[in-house]
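The values are calculated or read from the model by the stated rules, or taken from the named source; none is laboratory data. Please read all numbers here as calculations on a predicted model, not as lab measurements. Cβ atoms come from the backbone with ideal geometry, glycine included; neighbour counts cover every protein chain shown. In case anyone asks, the SASA skips ligands and DNA or RNA and just uses the protein heavy atoms, side chains included. Shrake-Rupley method; radii C 1.70, N 1.55, O 1.52, S 1.80 Å.
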Amino acid sequence: MDVSMMTTLRASTDVLFLMLGAVMVFAMHAGFAFLEVGTVRKKNQVNAFVKILTDWAVSTVVYFLIGFPLAYGISFLKPADQLMAGNQGYELVHYFFLLCFAACIPAIISGGIAERAKFWPQVLAGAIFAGVTYPLFESFVWGKNSSILQDLCKRVGGAEFHDYAGSVVVHSLGGWLALPAVMILGPRMGRYLRGKSHPIPISSIPFLALGSWVLAIGWFGFNVMSAGHLDKISGLVAVNSLLAMVGGILVAVLISKCDPGFAHNGALAGLIAVCAGSDVMHPLGAFVTGGIASLIFVYGFQLEQEKLKIDDVLGVWPLHGIIGSWGGIAAGFFGLKELGGMGGVSLLSQCIGTVAAILFALANAFLVYGILAKTAGIRLSDEEEFAGADLSIHSIGAYPEEHVR
């Protein structure tokens, strides 16, 4: 086999490898949908499905035209033969893979603002975040502007900020973007009355569980295929993801007294936390990271809902925002050689990168949602919210035969 054939075969193998990863992460968006559908009331289930699907479609377009070029300096506005030249279109499938990360941002926010947000203003907000906000921060960590943040971290902390698969870049950013949205929207009707909490029952444990399972399975594409090339694949990433997920499940089951919502979200808590350091931690460190993440979620969700009275329907701020931040910091701790890790990380650098993401997200979210609230408005009317987003926005319920007489 000559050199050109070998080069083509290697490029084709990488394209296939990353495409399979992209499909796995794309499937996670079904997990986001079912997790939300299972948590909201029946009168808002259609809205959850349509909202996440529309956000995906819009994210695809804006990330193709604006986001990916902004993050990596690569434009696809050229003839198709040039897009395929030299590497079998690797950058195209690389875009597909990273789009699945970018589209997680509006999907995460969707769970926090569920049941009372207007449809099109939120689609617009998601487009801004997926097309500009997320890619800009992505460029500081993984992309063309990485020297700005990474040089600072290396100079101050002694090592670059390490976020292998996006605990901070994706999850922390998404969760902290969601917090201002939830606060500006305000709680759902009847959630808090005269200073007292009135929890709103969820609609379907099976749908919630299905969403968690789909997300967990797709997560191995999220983490393992972040290698980008077949020859860089890591068994350590796979097993660390597995053990962090299991650590999250077991701790959630124990401390919540077998609550099914916490159990299934505990799996996600572990997976979110391990993304950043999945390539540098020892498996036992990953297990502990996932367990601590579950502690954060269970107690953080209760603090958010009952003490702070923030009506974050799916708990996306503690689950993605706070735990994503924990994952960034944990990589700088459990990634150390002294704790069995691969080394090459700095706790101080991890703190710098993590705090930068929080501040960047909060500034962007307050700006975008503040402007939308003052102009188009972001909340349904009382009458629309009472009837449910399904009938108010989509003119059909999740179970249409129930309305047939």
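If you bin the C-alpha pair distances of the stretch 334-405 every 10 Å from 0, what whole percents do you get?
Going out from 0 Å in 10 Å bins, the stretch 334-405 shows 15, 20, 19, 16, 16, 12, 2 percent.
Once you keep just the Cα pairs under 8 angstrom separated by 6 or more residues, what percentage relative contact order results for the stretch 3-403?
Reported as a whole number, the value is 25 percent.
With N denoting the number of residues in the stretch 112-233, provide Rg(C-alpha) divided by 2.2 N^0.38 Å, to two decimal places.
1.39
Which one, R188, R379, R155, has the greatest fluctuation when you compute a Gaussian network model over the chain with C-alpha springs under 10 angstrom?
Largest GNM mean-square fluctuation: R155.
Length gain on complete extension for the stretch L303 to A27, per 0.36 nm per residue less the alpha carbon to alpha carbon distance?
96.2 nm is the gain from fully extending L303 to A27.
Size of the dipole of the chain about the Cα centre, Lys and Arg at +1 and Asp and Glu at -1 on the beta carbon, nothing else charged, in debye to 20?
Rounded to the nearest 20 debye, it is 760 debye.
Farthest toward the dipole's positive end in the chain, which of L77, L53, I358, given Cβ charges of +1 (Lys, Arg) and -1 (Asp, Glu) about the Cα centre?
I358
Treating the Cα atoms of the stretch 256-349 as identical point scatterers in vacuum, please give the log10 of the normalised Debye intensity I(q)/I(0) at q = 0.18 Å⁻¹, two decimals.
Each listed q maps to, in turn, -0.74.
For the stretch 180-247, count all C-alpha to C-alpha pairs, find those more than 18 Å apart, and express that count as a whole percent of the total.
Cα-Cα pairs in the stretch 180-247 separated by more than 18 Å: 63 percent.
Would you mind working out the accessible area per residue for the chain, using a 1.4 Å probe, and quoting it in Å²?
Each residue of the chain exposes 41 Å² on average to a 1.4 Å probe.
With r defined as the distance between the Cβ atoms of K232 and E338 and R0 fixed at 22 Å, what FRET efficiency is calculated, to the nearest 0.05?
0.30
Which value, in debye to the nearest 20, describes the size of the charge dipole of the stretch 231-314 about its Cα centre when Lys and Arg Cβ atoms bear +1, Asp and Glu Cβ atoms bear -1, and nothing else is charged?
Computed charge dipole of the stretch 231-314: roughly 160 debye.
What are the semi-axes of the equivalent ellipsoid of the chain, taken as the square roots of 5 times the eigenvalues of the Cα gyration tensor, listed largest first and rounded to whole Å?
So the equivalent ellipsoid measures 34, 25, 20 Å along its semi-axes.
Using a 1.4 Å probe, how large is the accessible area of M24, given in Å² and rounded to the nearest 10?
Only protein atoms counted, so the area is about 60 Å².
Just how far, in whole angstrom, is the stretch 290-362 from the stretch 1-61 if you go by their alpha carbon centroids?
So the two Cα centres are separated by 25 Å.
Give me the percent of accessible area attributable to carbon and sulfur for the chain, probe 1.4 angstrom.
In the chain, the share of accessible area belonging to carbon and sulfur is 71 percent.
May I ask you to compute the full-extension gain from L136 to T7, defined as 0.36 nm times their residue separation minus their alpha-carbon distance, rounded to one decimal in nm?
Contour length minus the Cα-Cα distance gives 43.2 nm.
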